[in-house]
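Trainee: Below is the structure I would like to discuss, written out as structure tokens.
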Amino acid sequence: SMVKIRTICRDDRNYTQKNTKEVQKVYRNSNASLHPLQQAREYKRALNAAKLDRVFAKPFISSFDGHADSVLSMSKNPQTLTEILSASADGEIRMWNISKGRNSLVINGHQGPIKGVCYAHLGLSSHFISCSEDKTIKLWETNALKKQQKAHALEESQASFAYKPKQEFISKYLLSSVDRSFGEETVFGTSGDIVQIWNMERSQPIHSFDWGIDSVTRLKFNPSETNIIASISLDRSLCLYDLRGNTPLKKVTLKNKSSALCWNPYEPMNLTLGNEDSNCYTFDMRKLDAAKKIHKDHIGAVLDLDYAPTGKEFVTGSYDKTIRIFDVNQGKSREVYHTKRMQQIFSVLYTMDSRYVLSGSDDTNIRLWKAVASDPLRPMGEREKVKMAYLNKLKDKYKYNQEIKSILRHRHLPKTIYKNQKKRVIIK
Amino acid sequence: NKQMKRDKKLDAKLKKNEVLRKEAQRRVQENNFLLAESRGFLVADDNEKTLKFAQRDLKPLLPMANQRNIFDLDLQFGDYSLDYSHNGRSLLLGGQKGHLALMDWQNKHLKSEINVKERIRDICFLHNETMFAVAQKKYIFMYDHQGIELHCLRDYKKAQFLQFLRYHFLLVSSHYNGMLRYMDTSTGKGVRDIQTKKGTSCSMCQDYTTGVIGLGHSSGEFTLWTPNLSKPVVSVYAHPSAVRAIGIDHAGRHIISAGQYCRVKIWDMRTFKMVDQYWTPEPAESLTLSQKGVLALGCGGVVQLWNNWFREKQKEPYMIHKLKKGTS
């Protein structure tokens, strides 16, 4: 014929889902004129995502009270997510079930303040070690303690009850902290006047490291290179020891003394120090001449530090009554938590599912916080997860945009911290 | 003078992002092959012209499904304003004598039909087919898809034309004596009232790519407006007579204005210089553009379709459809 004609002829059957098992076909035309104002719309979505992030930022979950004196040390069970230990300045050790918010055990362990408490190696997960100012180190076993607890409960006697440790070690020197080896099940180390390495099967320390005049405040075993130990001492230094040799390895002296120390579990050659000058210094142990990164955001001495199991973030507790969460590669904190009732924070923990952060402070409370303040925590369906992932990516894309950055970074801070931070900027 | 050191980590990040972006673009282009439908066309043999073929001649050449889609609606309630919803599924008809009808265009089913018993000047869908706004004799009314009256906007008096800025949720209304009013339909509050000072406008259109409103005036000029300025963004003296119809193409590159003296002019959106002008048998009272850029002009009793007007000056329309005697 004289003319050719073609029209769009859509068959309804091609565009409808026959049943729920069939995949719904979605046709997307990328022609820009069909999707106008793309940049503006995306910006608006990012802006709303940033605002909602702040709206839903409710990080505080609960506080566990029970201790009668400031919480000096905490430790997380390597096998169970919900179990932690906390030790206080009046010699009390408490075992908590975080999800229930209750004590499972209250142990009057020591006579002096407990300087360090630590779960034993993964292979001995029901064991934990505590060391105190009264120069004793006690090895406890959870199951035995629970049996004792039951027996005492049945007795119903009002007499004060003392739990019996599995083993007790007496140190010649003062003690300041305890940590266990990741390599050998029965090896643990204490710091104090000197660094001492113990074996649970021996009553005397198997190694002693003495380098320098001043006492050692903290000690940490490397999670991967299991023979390497890092310690910080009062002469402002960081010291590395190797168990295989009998002498210390390397020493680096900083301007101010450090109070906190932690190895990165994901990149075990890196470790972070929390310093008295309120900064955290991340070092590579192979190259100690310069810090890899300096994390500057606190205004008081950093008292404790713990890494997330992902190795991407760490949480710090400081003398300025705030907790900060830092990204390993960033110099500024991602998050800051504070409460009027929370005083100086002596210990922090990052839980092993990397979703929660715990802080033990001078006001005798242990507080449970979310690691990501606007995390909904509830189980999410697939569509919601995809949406959340998209919004997080949007926030990430627009984080340098002036308006969105000021919304995302906005935190309410206590007056002292706000003023001090401003001062620091001026001093710079 | 120290040269700023390159941040190696940031450089690496940006490089990676660039790679991802290019991959995303490539995939989007690839995706277009999956589109099921292709563009329709009418092509005549060498010695024939496409405009000679009337719709009734072409009908037997179409597939059955399409033939069934062609039908006539005999409407008696005065001049009709039309609006399609954004997804093209619903059609709203509003007659001058007060007849309002909402149809599901895909099934040709009538969803709701009411008579408001007063003059309707213009109609407009809001964010989707569930709500629409009607510029009635005195006030603007908002109705539900069932025909239930939702709102009567008593502050908005004597609206002549309505446009809905879809991505801004703004209902734009052009009023008697030159008022241009923007209203946020999500909060229900007026955003901006602009006094155009050019009298009651003769026509109104929207630029889909930017959200700019175009008004055609009886003085022969057309103006472009944004809510943040009290003066027009652009003012072009287009015709020696009233601008009866105005339209902006979907790509946002051309403005088409139709004057009282049978001329249709095409203007470039960046330079605001006339690109082409066409003559129509009668003054074009309504003008609209398709997604693929086909221009439709309603000139008296004839509907003219012009194709490829943006490429080069066309000698004749692509298609012509003569309406029944007495209709326009």
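The values are calculated or read from the model by the stated rules, or taken from the named source; none is laboratory data. Owing to the predicted nature of the structure, the values given are computational and were not obtained by experimental measurement. Positions of Cβ are generated from backbone atoms using ideal geometry, with glycine treated the same way; all protein chains shown enter the neighbour counts.
Trainee: Out of the residues in segment B:251-265 that are farther than 16 Å from residue B:298 by Cα and surrounded by fewer than 20 Cβ atoms within 10 Å (Cβ to Cβ), which is farthest from the other protein chains (Cβ to nearest Cβ)?
Mentor: Checked segment B:251-265; the qualifying residue farthest from the other protein chains (Cβ to nearest Cβ) is B:253.
Trainee: Return the residues of segment B:292-302 that are outside any strand (DSSP E or B) and either more than 16 Å from residue B:250 (Cα to Cα) or out of contact with any Phe, Trp or Tyr (no Cβ under 8 Å at 6 or more places or on another chain) (or both); say none if nothing qualifies.
Mentor: B:292, B:300, B:301
Trainee: Can you name the residue in segment A:28-41 that is part of a helix (DSSP H, G or I) and either touching a Leu at 6+ places or on another chain (Cβ under 9 Å) or closer than 17 Å to residue B:165 by Cα (or both) and is also nearest to the other protein chains (Cβ to nearest Cβ) among such residues?
Mentor: Of everything passing the filter in segment A:28-41, A:33 is nearest to the other protein chains (Cβ to nearest Cβ).
Trainee: Can you report the number of residues in segment B:276-289 which are over 23 Å from residue B:324 (Cβ atoms) and either within 14 Å of chain A (Cβ to nearest Cβ) or in contact (Cβ under 8 Å) with a residue 40 or more places away in the chain (or both)?
Mentor: The initial filter retains those residues of segment B:276-289 that are over 23 Å from residue B:324 (Cβ atoms), namely B:276-279, B:289.
Now drop any that are not either within 14 Å of chain A (Cβ to nearest Cβ) or in contact (Cβ under 8 Å) with a residue 40 or more places away in the chain (or both), which leaves B:289.
Total meeting the criteria: 1.
Trainee: Hey, among B:169, B:222, B:164, which residue is under 19 Å from the mean Cα position of the chain (by Cα) and on the phi > 0 side of the Ramachandran plot?
Mentor: Only one candidate qualifies: B:169.
Trainee: May I pose another question? Please state which of the following conditions residue A:273 fails to meet, knowing it meets all the rest: (1) crowded, with 20+ Cβ neighbours inside 10 Å; (2) under 20 Å from residue A:212 (Cα atoms); (3) out of contact with any strand residue (DSSP E or B) (no Cβ under 6 Å at 6 or more places or on another chain).
Mentor: (3)
Trainee: Sticking with this one: Of everything in segment A:254-270 that's under 16 Å from residue A:212 (Cα atoms) and in contact with a Phe, Trp or Tyr (Cβ under 9 Å, 6 or more places away or on another chain), which residue is surrounded by the fewest Cβ atoms within 10 Å (Cβ to Cβ)?
Mentor: The residue in question is A:254.
Trainee: Follow-up. Mind checking whether some residue in segment B:303-326 is closer than 27 Å to residue B:52 by Cβ, part of a strand (DSSP E or B), among the charged types (D, E, K, R) and in contact (Cβ under 8 Å) with a residue 40 or more places away in the chain?
Mentor: Yes, because at least one residue in segment B:303-326 is closer than 27 Å to residue B:52 by Cβ, part of a strand (DSSP E or B), among the charged types (D, E, K, R) and in contact (Cβ under 8 Å) with a residue 40 or more places away in the chain.
Trainee: Here is a further query. Mind checking whether some residue in segment B:209-216 is assigned to a loop (DSSP other than H, G, I, E, B), more than 14 Å from chain A (Cβ to nearest Cβ) and in contact (Cβ under 8 Å) with a residue 12 or more places away in the chain?
Mentor: Looking through segment B:209-216, none of the residues is assigned to a loop (DSSP other than H, G, I, E, B), more than 14 Å from chain A (Cβ to nearest Cβ) and in contact (Cβ under 8 Å) with a residue 12 or more places away in the chain.
Trainee: Could you check segment A:254-296 and list, in sequence order, the residues that are in a loop (DSSP other than H, G, I, E, B) and more than 17 Å from residue A:228 (Cα to Cα)?
Mentor: A:254, A:255, A:256, A:257, A:276, A:277, A:278, A:289, A:290, A:291, A:292
Trainee: Residue check: is residue A:278 under 24 Å from residue A:207 (Cβ atoms), over 17 Å from the mean Cα position of the chain (by Cα) and buried (at least 19 other Cβ atoms within 10 Å of the Cβ)?
Mentor: no
Trainee: On to the next question. Which of the residues spanning segment A:375-391 are under 22 Å from residue A:312 (Cα atoms), at pLDDT 95 or above and exposed (fewer than 14 other Cβ atoms within 10 Å of the Cβ)? Give the derivation first.
Mentor: Kept after step one, since they are under 22 Å from residue A:312 (Cα atoms), are these residues of segment A:375-391: A:375-377, A:385, A:388-391.
Still in the list and also at pLDDT 95 or above: A:385, A:388-391.
Of everything in segment A:375-391, those that are under 22 Å from residue A:312 (Cα atoms), at pLDDT 95 or above and exposed (fewer than 14 other Cβ atoms within 10 Å of the Cβ) turn out to be A:385, A:389, A:390.
Trainee: Right, another one. Evaluate the following for residue B:47: is it out of contact with any Phe, Trp or Tyr (no Cβ under 8 Å at 6 or more places or on another chain), modelled with pLDDT under 90 and farther than 22 Å from residue A:7 by Cα?
Mentor: yes
Trainee: Let me ask another. If only one of A:190, A:136 is under 19 Å from residue A:85 (Cβ atoms), out of contact with any Cys (no Cβ under 9 Å at 6 or more places or on another chain) and crowded, with 16+ Cβ neighbours inside 10 Å, which one is it?
Mentor: Going through A:190, A:136 in turn, the sole match is A:136.
Trainee: Additional query: Please work out if residue A:286 is closer than 26 Å to residue A:206 by Cβ, surrounded by fewer than 22 Cβ atoms within 10 Å (Cβ to Cβ) and among the basic types (Lys, Arg).
Mentor: Considered against the rule, which asks whether it is closer than 26 Å to residue A:206 by Cβ, surrounded by fewer than 22 Cβ atoms within 10 Å (Cβ to Cβ) and among the basic types (Lys, Arg), residue A:286 comes out as no.
Trainee: Still on this model: So which of B:198, B:231, B:157 ends up being without any contact (Cβ under 8 Å) to a residue 12 or more places away in the chain and on the phi < 0 side of the Ramachandran plot?
Mentor: Every option except B:231 fails the conditions.
Trainee: May I ask you to say which residue of A:7, A:16 is more than 11 Å from chain B (Cβ to nearest Cβ), closer than 22 Å to residue B:66 by Cα and over 45 Å from the mean Cα position of the chain (by Cα)?
Mentor: After ruling out the rest, the residue left standing is A:16.
Trainee: Give me a count of the residues in segment B:183-208 that are within 23 Å of residue B:273 (Cβ to Cβ), of a type outside the set (A, V, I, L, M, F, W, C) and either in contact with a Pro (Cβ under 6 Å, 6 or more places away or on another chain) or not in a loop (DSSP other than H, G, I, E, B) (or both).
Mentor: Residues meeting the conditions: 4.
Trainee: Quick check on my filter: what residues within segment A:394-417 are over 19 Å from residue A:55 (Cβ atoms) and either among the acidic types (Asp, Glu) or within 24 Å of the chain's Cα centre (by Cα) (or both)?
Mentor: A:414, A:417
Trainee: Now for a separate question. Pick from segment B:234-245 the residues that are part of a loop (DSSP other than H, G, I, E, B) and without any contact (Cβ under 8 Å) to a residue 40 or more places away in the chain: which of them is farthest from the chain's Cα centre (by Cα)?
Mentor: B:240
Trainee: Would you call residue B:231 crowded, with 18+ Cβ neighbours inside 10 Å, away from chain A (no Cβ under 14 Å) and part of a loop (DSSP other than H, G, I, E, B)?
Mentor: So residue B:231 fails the test.
Trainee: Tell me which residues, restricted to segment A:88-101, are assigned to a strand (DSSP E or B), touching a residue at least 24 places away in the same chain (Cβ under 8 Å) and out of contact with any Lys or Arg (no Cβ under 8 Å at 6 or more places or on another chain). So that I can check it myself, show each step before the final result.
Mentor: Within segment A:88-101, the first condition is being assigned to a strand (DSSP E or B), and the residues that meet it are A:88, A:92-97.
Filter again for touching a residue at least 24 places away in the same chain (Cβ under 8 Å), leaving A:88, A:92-96.
Residues satisfying the conditions are A:92, A:93, A:94, A:95.
Trainee: Sticking with this structure for a sec: Mind listing whichever residues of segment A:241-253 are surrounded by 19 or more Cβ atoms within 10 Å (Cβ to Cβ) and either assigned to a loop (DSSP other than H, G, I, E, B) or of a type in the set (A, V, I, L, M, F, W, C) (or both)?
Mentor: Residue satisfying the conditions is A:243 alone.
Trainee: Can you tell me which of A:51, A:25, A:44 is charged (D, E, K, R), within 14 Å of chain B (Cβ to nearest Cβ) and outside any loop (DSSP other than H, G, I, E, B)?
Mentor: Criteria check complete, one pass: A:44.
Trainee: Which helices (runs of 4 or more DSSP H) does segment B:1-87 wholly contain that include 2 or more residues that are farther than 30 Å from residue B:317 by Cβ and either away from chain A (no Cβ under 12 Å) or among the hydrophobic types (A, V, I, L, M, F, W, C) (or both)? Talk me through it step by step, then tell me what you get.
Mentor: Details: elements: B:8-31, B:55-58, B:64-69.
Passing ranges, in order: B:8-31.
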